[in-house]
């Protein structure tokens, strides 16, 4: 049952009786329930109504502690509202500006740390001290999550080492809150924060497995954690909208990277129906559409397995089904994730040339905004190769000579490359804050 915000009138004010923690706990529980439901204004009004009935008694250590906690609760309502609006993400033009929200959370943390130093040793063992520790955990978790989002906007999601580090940060947040989330009064609020950290960690683990071309069942788990993003219908919750967008983007990537493997397990109609149901950028439709309009020989996504020391690369991708011989060995080194076109013999004929170009692009350490171009006068074919993310390359082949900076080709490769590596999604974090 939701707490009521109308907690009494001015006639209910208790004179100079010191406020004790046992009186504070019911009000705190109601506050946390409202905060857990993202009802910040109602939570603020509830605390202000409760606090308005008590006059601070400066001679009482416990009364001072309770009023300090109530003051922090009120501050947190506005800060949480700002957090979920993503207004803490500063546009690049303001990179020298201090992050106001981050400073506010750190200021509250400092207040909470000073709070115990001002009290006696006896006060440290009381319930107020336990609440203080819980609030420190809450603020620390928020600071960690803000740093994770800021890392996204700087480095995107294409670096395995960076992703592993962020996954560890999020796992440590979950571990830190493992005790606090069971608190009788604050469970609702901590469940919200834990749910966000868990969802974000699972999404990053999905991205890691996509980079490594591994099978996984994480999407089933992640789908169950999308409750947080279900509030995205409220236009003020940009954070929820962004998390849901990232989920659908990763699902769309999965449908592309594993399309050939999945399509072999069902009818063409079922595969097309599943692909059409994807809400985010539909890469399969985009690739097939560009193939038809541009008269490309084919478009392919190919993994350079020779440049990776990651033993997990390709595990579960069905490499054991590749035939033997020199051609089979080449495909083991350069697994094909996806390709358009139905001319298998033409693809097989050009595949050795493609693998060489991909190897050269890798050895040259070309960044993901540089396209490797090659026109083969003997084959009368034009090749374009671009690093998408990690060791995954996009390759386009045309049956005629095209300019190195052909506008349609360059735009298609750059646009879809940025989408696939989640660069646009990460950049949008800063765009929301403008």
Query raised in the report: Taking the stated definitions as given, is residue 60 within 23 Å of residue 132 (Cα to Cα), surrounded by 15 or more Cβ atoms within 10 Å (Cβ to Cβ), out of contact with any helix residue (DSSP H, G or I) (no Cβ under 7 Å at 6 or more places or on another chain) and at pLDDT 90 or above?
Result: no
Query - Residue ranges of helices (runs of 4 or more DSSP H) in the range 240-308 with at least 2 members touching a residue at least 40 places away in the same chain (Cβ under 8 Å) and crowded, with 20+ Cβ neighbours inside 10 Å - result: 283-294
Report summary line: Scanning the range 111-144 for residues that are modelled with pLDDT under 85, within 20 Å of residue 74 (Cα to Cα) and exposed (fewer than 13 other Cβ atoms within 10 Å of the Cβ) gives 114
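Matching residues to (1) without any contact (Cβ under 8 Å) to a residue 12 or more places away in the chain; (2) in a helix (DSSP H, G or I):
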{"site": "384", "(1), (2)": "no, no"}
{"site": "387", "(1), (2)": "no, no"}
{"site": "396", "(1), (2)": "no, no"}
{"site": "401", "(1), (2)": "no, no"}
{"site": "405", "(1), (2)": "yes, no"}
{"site": "413", "(1), (2)": "no, yes"}
{"site": "416", "(1), (2)": "no, yes"}
{"site": "424", "(1), (2)": "yes, yes"}
{"site": "429", "(1), (2)": "no, yes"}
**Report entry** Those residues of the range 377-413 which are exposed (fewer than 15 other Cβ atoms within 10 Å of the Cβ) and out of contact with any helix residue (DSSP H, G or I) (no Cβ under 8 Å at 6 or more places or on another chain), in sequence order
**Finding:** 377, 378, 380, 399, 400, 401, 403, 404, 405, 407, 411
Requested in this report: Could you tell me whether the range 33-46 includes any residue that is at pLDDT 95 or above, over 26 Å from the mean Cα position of the chain (by Cα) and more than 28 Å from residue 244 (Cα to Cα)?
Outcome: yes
Query raised in the report: Just a yes or no: is a residue in the range 175-192 farther than 22 Å from residue 25 by Cβ and at pLDDT 90 or above?
Result: yes
Query raised in the report: If you check residue 374 against the conditions, is it touching a helix residue (DSSP H, G or I) at 6+ places or on another chain (Cβ under 8 Å), surrounded by fewer than 20 Cβ atoms within 10 Å (Cβ to Cβ), at pLDDT 95 or above and closer than 26 Å to residue 289 by Cβ?
Result: yes
Report task. Identify the single condition in (1) out of contact with any strand residue (DSSP E or B) (no Cβ under 7 Å at 6 or more places or on another chain); (2) farther than 20 Å from residue 199 by Cα; (3) modelled with pLDDT under 90 that residue 286 does not satisfy, given that it satisfies every other one. Result -> (3)
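The values are calculated or read from the model by the stated rules, or taken from the named source; none is laboratory data. Keep in mind that what you see is a predicted model, and the values were worked out from it rather than measured. Every residue, glycine among them, receives a Cβ derived from its backbone with ideal geometry; neighbour counts consider all protein chains shown.
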